[in-house]
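Remarks on the structure that follows.
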Amino acid sequence: MTIKSLELETVCGITSKLPQHDKIEMAFWGRSNVGKSSLLNTLWNRKSMARISSQPGKTQTINYYNINDLCYMVDLPGYGYAKISKEIQAKWARMIERYLDTSNALRVLLVDIRHEPTAKDVETYQMLFKKGFNPLIIATKADKIKKNARNKNISIIRKKLGLSQEVPVIPFSSATKEGKDEVWEYIEFFLNSQLL
């Protein structure tokens, strides 16, 4: 897809009313610092449209990016960030649960290819699956491990999350752009199936 227009259109905080859109949404989620904003910027060929930080927990709102006035890519706050209070974590969890229950979007779950999925990654995947979603799994930071470790790590991700062989796990690197075309292929297939 060629990005002709891109706009951060809506930002929702903990108490915000979530917008009701008539456009297709794709929601990107994962633990704090897994690389959601870097992934989005890479897909869009932008350096800093989605705010990137070396500090985890920077995205504290649900951010709706309007793409070509055709669809929304939604950047959800990361989970598992230890330096925020349990009360704030609980409020974020409720906000995201509200979003998941009211939006029929493609779900994209990001996991770090270098590490075994955390208990929270597993819990998040299972929650999405129970809600009837079959999320695309993107294994970020692929440039940070050796090529020969990759298949082993992807097998560990599959086993830990309980994925069937049909569920794609796409290795991705915002540094080398590896996986970018595959992610776009998946997104475009989803968009085309929804627009028919």
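Things worth noting here:
- So residue 194, is it in a helix (DSSP H, G or I) and of a type outside the set (Lys, Arg): yes
- Number of residues in the stretch 86-114 that are open to solvent by 30 Å² or more (accessible area, probe 1.4 Å) and either among the β-branched types (Val, Ile, Thr) or at pLDDT 95 or above (or both): the value is 3.
- Number of residues in the stretch 101-125 that are part of a helix (DSSP H, G or I), in contact (Cβ under 8 Å) with a residue 40 or more places away in the chain and farther than 17 Å from residue 34 by Cα equals 1.
- The number of residues in the stretch 115-131 being surrounded by fewer than 18 Cβ atoms within 10 Å (Cβ to Cβ) and either at positive phi or of a type outside the set (A, V, I, L, M) (or both) comes to 9.
- Exactly one residue out of 30, 57 is within 15 Å of the chain's Cα centre (by Cα) and at pLDDT 85 or above: that is 30.
- The stretch 170-196: number of residues that are open to solvent by less than 50 Å² (accessible area, probe 1.4 Å), in contact with a strand residue (DSSP E or B) (Cβ under 7 Å, 6 or more places away or on another chain) and at pLDDT 95 or above: 5
- Residue that is nearest to residue 29 (Cα to Cα) [pool: residues in the stretch 126-166 that are of a type in the set (Val, Ile, Thr) and assigned to a helix (DSSP H, G or I)]: 157
- When 39, 43 are checked against the criterion of being modelled with pLDDT of 90 or more and touching a Ser or Thr at 6+ places or on another chain (Cβ under 8 Å), a single residue qualifies: 39.
- The residue pairs whose first member lies in the stretch 10-25 and is more than 26 Å from residue 189 (Cα to Cα), whose second member is open to solvent by 30 Å² or more (accessible area, probe 1.4 Å) and part of a loop (DSSP other than H, G, I, E, B), and whose beta carbons are closer than 7 Å, counting only pairs six or more residues apart or on different chains, are 11/61; 12/61; 13/61.
The values are calculated or read from the model by the stated rules, or taken from the named source; none is laboratory data. Remember, it's a predicted structure, so these values are computed and weren't measured experimentally. In this analysis, Cβ positions are derived from the backbone assuming ideal geometry, glycine residues included, and neighbour counts consider all displayed protein chains. When the accessible area is computed, the model is the full protein with side chains, heavy atoms only, and any ligands, DNA or RNA have been set aside. Shrake-Rupley method; radii C 1.70, N 1.55, O 1.52, S 1.80 Å.
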